[in-house]
Number of protein chains: 2
Amino acid sequence: MAKIKPGKNASKKDVITKKAAALFKSKGFSSTSMRELAETVGVEAPSLYNHIGSKSELLQGICFKVANAFTMYLDATENNTDNHATRLEHIIRFHISMMLDHFDEVYVANHEWKHLKEPYLSNFLMQRRGYEKRLISLMEGGIAAKEFKQTNPYVAVLTILSAVRGLEFWQQHKKNISSQVLEDDMVSLLLKGINK
Amino acid sequence: MAKIKPGKNASKKDVITKKAAALFKSKGFSSTSMRELAETVGVEAPSLYNHIGSKSELLQGICFKVANAFTMYLDATENNTDNHATRLEHIIRFHISMMLDHFDEVYVANHEWKHLKEPYLSNFLMQRRGYEKRLISLMEGGIAAKEFKQTNPYVAVLTILSAVRGLEFWQQHKKNISSQVLEDDMVSLLLKGINK
DNA sequence: TATAAAAACTAATAAGCATTAGTTTTGCAG
DNA sequence: CTGCAAAACTAATGCTTATTAGTTTTTATA
């Protein structure tokens with residue numbers, strides 16, 4: 001049967017991982033079989049194991065690639081000198097662009113992480129929790145600096161992160177609105193509210 | 001072994017369904033086995049079939065119970081004469097209370113619906129889409145009446161629904177903040193924004 | 001063109017799955 | 001206390017699963 005063809009800069013493992021992300025997204029991790037993945041790759045199931053370690057490792061790869069991307073962006077943000085409101089806006093826009101540009105992977109990281117095995121599950125949750133905490137600090141700083149309204153900072157972070165996550169429902173409407181309008185409207189809504 | 005004990009107003013089927021919702025929530029539908037469900041109920045797996053039709057029917061029951069609750073509340077809202085902003089606020093508060101009071105079921109309806117079998121899958125998505133459309137109409141009405149800012153109504157609805165859904169992350173912090181503060185802060189954030 | 005490594009294949013393993021059939025136990029109504 | 005229905009049990013069916021072993025084909029290099 002046909003061999004797995006690696007793209008320009010993508011190893012065969014990368015190709016498999018990408019297809020896996022798409023399948024995990026649409027069917028869920030547990031409902032995706034290696035046979036099925038193999039079929040979309042164009043190969044028999046056992047052949048996959050020449051390139052990957054296990055089904056679990058695929059999920060780990062996806063989840064941590066996403067988690068690390070967010071963590072690294074936050075690192076960069078914390079090293080700049082913009083005011084809190086500006087930094088928050090940049091972070092929101094980064095989240096939105098990740099959702100739009102790496103939909104499958106982000107979706108899987110958001111929805112299927114619970115199928116990670118230990119110790120990866122704990123690591124993932126710790127990293128996530130750390131990320132949240134840093135956002136809460138940013139929010140607290142902004143409230144102290146009177147840039148943000150007086151509000152529970154955790155609720156604010158939760159609301160913003162969740163709103164952005166909701167872009168997963170966006171996919172089917174892509175055609176009707178440009179992603180720039182989408183991004184600007186959502187940012188404005190979160191920063192300034194819906195009421196006039 | 002121990003018999004299934006029905007509560008005051010709950011049939012045995014209700015007991016099973018409730019335990020199923022908790023398991024589907026924490027492990028996912030596909031990763032939850034009937035053996036496992038049976039164990040938490042205190043019975044052997046085949047005994048469950050004296051009370052339920054199949055694993056799929058459990059999921060259907062959960063998903064449609066939730067969907068119908070939201071639809072019915074919206075029906076009621078549309079028959080009252082408050083202005084758009086007030087109606088929107090009531091709906092947001094209803095969503096929040098559903099998340100807090102029926103967490104397992106709402107979580108399952110939000111996350112595991114994709115494992116519904118046809119024709120239930122299509123029905124569920126249609127009902128959901130209809131619900132969204134009615135919310136968008138409300139939003140458009142409010143924009144036309146100058147109660148809401150000029151914005152893409154779909155983006156606004158998406159943002160609000162997603163923010164509320166995010167309460168699923170709330171569970172571990174329940175103790176630290178009262179649900180009334182949570183509800184009020186989130187409503188305020190969505191209606192008036194975070195920026196001062 | 002010969003050789004070695006990479007990667008495909010087929011076949012098999014062992015476990016887990018939802019569900020059905022058939023039987024026994026339980027609990028209540030008379 | 002008897003008898004019947006509800007609901008438990010055990011055993012079995014047939015299917016799917018991820019993964020391993022062993023073998024053959026393909027690909028690239030020298």
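The values are calculated or read from the model by the stated rules, or taken from the named source; none is laboratory data. Please read all numbers here as calculations on a predicted model, not as lab measurements. Cβ sites come from the backbone with ideal geometry, for glycine too, and all protein chains shown count toward neighbours.
At a glance:
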item: Count - residues of the stretch B:77-89 that are under 20 Å from the mean Cα position of the chain (by Cα) and either surrounded by fewer than 15 Cβ atoms within 10 Å (Cβ to Cβ) or within 14 Å of chain A (Cβ to nearest Cβ) (or both); result: 4
item: Count - residues of the stretch A:18-46 that are more than 25 Å from B:Lys27 (Cα to Cα), touching a residue at least 24 places away in the same chain (Cβ under 8 Å) and surrounded by 14 or more Cβ atoms within 10 Å (Cβ to Cβ); result: 3
item: Helices (runs of 4 or more DSSP H) within the stretch A:1-115 that include 1 or more residues over 30 Å from A:Ile143 (Cα atoms) and within 11 Å of DNA strand D (Cβ to nearest atom); result: A:12-27, A:34-41, A:55-78
item: Test: residue in the stretch B:56-65 that is within 11 Å of DNA strand C (Cβ to nearest atom) and away from every other protein chain (no Cβ under 14 Å); result: yes
item: Residue match in the stretch B:117-132 (condition: exposed (fewer than 15 other Cβ atoms within 10 Å of the Cβ), touching a helix residue (DSSP H, G or I) at 6+ places or on another chain (Cβ under 6 Å) and not in a helix (DSSP H, G or I)); result: yes
item: Some residue of the stretch B:158-174 being surrounded by 15 or more Cβ atoms within 10 Å (Cβ to Cβ) and of a type in the set (Ser, Thr, Tyr); result: yes
item: Where a residue in the stretch B:120-134 is over 25 Å from B:Asn152 (Cα atoms) and its partner, wherever it lies, is in a helix (DSSP H, G or I), with Cβ under 6 Å and at least six apart; result: B:Tyr120/B:Gln60; B:Phe124/B:Cys63; B:Phe124/B:Trp113
item: Out of B:Tyr107, B:Tyr154, sole residue that is of a type in the set (Phe, Trp, Tyr), surrounded by 15 or more Cβ atoms within 10 Å (Cβ to Cβ) and at pLDDT 90 or above; result: B:Tyr107
item: Among residues of the stretch A:137-151, those that are of a type in the set (S, T, N, Q) and surrounded by fewer than 16 Cβ atoms within 10 Å (Cβ to Cβ), counted; result: 2
